1. Please give the charge dipole size of region 129-278, origin at the Cα centre, charges +1 on K and R Cβ atoms and -1 on D and E Cβ atoms. Round to the nearest 20 debye.
2. Kirkwood Rh, region 98-144, all Cα pairs: how many Å?
3. What does the charge add up to near I50, with Lys and Arg as +1, Asp and Glu as -1, over the other residues with Cβ less than 15 Å from its Cβ?
4. By average Cβ neighbour count within 10 Å, what is the ranking of 208-216, 123-131, 220-228, 163-171 from highest down?
5. Could you pull out which residues in region 119-149 have an amide N less than 19 Å from a spot 7 Å beyond the Cα of W240, following the Cα-Cβ vector?
6. Mark the label point 7 Å from the Cα of I57 along Cα→Cβ and return the residues of region 133-163 whose backbone N is within less than 20 Å of it.
7. When all alpha-carbon pairs of region 2-270 are counted, what percent fall beyond 33 Å?
8. Residue by residue, what Karplus-based ³J(HN,Hα) values in Hz, rounded to whole numbers, does region 146-161 have, using 6.51, -1.76 and 1.60 with θ = phi - 60° and x for Gly and Pro?
Amino acid sequence: MISLWRIVRFELGASYAFIERNLHLVRRYMGWELVWFAYSLASALSITYIGAAMDRISGAKVNTDYLILYLLIGTLVWRFLSVIFDNISEMIQWERWEGTIEYTLMAPIHRFTHMLGQTAFAILHGLLLSAGIAGAVVLLFDVSLAGANVAGALFMLLAGGLSFIGLGIMASVLPLLFPERGAQMTHMVQALLLLFSGVYYPIDVLPGWMQVIARVSPATYVLQGIREAILQGTPTVVLWPRFVVLAVTGVGLMGVGVLVFNRAEQYAKRTGRLKRSG
C-alpha cells in the first residue's frame, strides 16, 4: 500500500512538472500570450457586436439581447475548447521549437503521466483565457443570466472538454509524423471543427451533407446543451443524459488518442523522426 502511494505521488509529481514547465513557457513568451489574448478578445467583441447591430443590418425587429448571448456562448465555448485542442495538439511542435523533443519522449516516464500534465495545463490555460474574455465582454454588454442554469452549462462544458482532449491527443500525432507540415494540419482539423459544429449558427442552416458531419462533432452537442442551459434554463436533470454521453465519448476518445499516440511514437522512434527541427 505504501509503495503504491509512492508510485502515485511520483506520477503526480512528474505530471506537475509538465504543468510547471508550460507555465514557465507562458511567462517566457508572455508577449505572444498578450497578442493572442488581444486577438481573441477582438474576435469575440467583433462577433458579439454583429448581434448587437443585427436589427440595423436587417431592418427588422430582432431580439438583440438573445442574439448577443447566443453568439457570446458560441464564442466563449469555442475559445475554451480550441485552447484545449491547441495546447495538446501542438505539444510536439512546442517540443521541437524548444529543442526538447528527444529528451521528453525518451524520458523514463509513462506517456499517460506526460498527457496528464499537458491536459491539466490545457484546461487551466483555457479557463483563464476564457474567463478573461468573458469578463471584458460583460463590461461592455449588458448580459443577463436571469433564469439561466449556469451549473448545468459548466457540466456540459467540462464533458465537452474531455472530447477535445482526446481529439487533441490524436491531432498531436500529425506534428510527430510530419515534422515539416504537421502543425499546419492540426489547424486544418480545428478549422473544420469550427465550420461543422454550429459555433455561431444552428447546424440546420448547413447543407445536408454538412449536417451529417456536424452530428459527429462533440462540440455540436456541447454547444446545444450549454445554449439550452443558459438561454432556456433547462434543468441539469434534463441535460444529464447528454452529459453522460459526452463524458463517455470523451473518455473513449482520450483512450483511443493515447493508443494512437503510442503507436505513432513507436513508429517515429524507429524511423528517426524525433529530430529537433524540421
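1. Numbers: 10 positive and 5 negative charges, 162 e Å.
It comes to approximately 780 debye.
2. Radius from the Kirkwood sum: 13.4 Å.
3. Charge balance in the 15 Å sphere: -1.
4. So the order, starting with the most tightly packed, is 163-171, 220-228, 123-131, 208-216.
5. From region 119-149, the list is 149.
6. 137-138, 140-143
7. Of all Cα-Cα pairs in region 2-270, 25 percent lie more than 33 Å apart.
8. 4, x, 7, 9, 5, 4, x, 5, 5, 4, 5, 5, 5, 4, x, x
Just so you know, all these numbers are worked out from the coordinates, no wet-lab data involved. Small disclaimer: the values here were computed from a predicted structure and weren't measured. Positions of Cβ are backbone-derived with ideal geometry, glycine not excepted, and every protein chain shown enters the neighbour counts.
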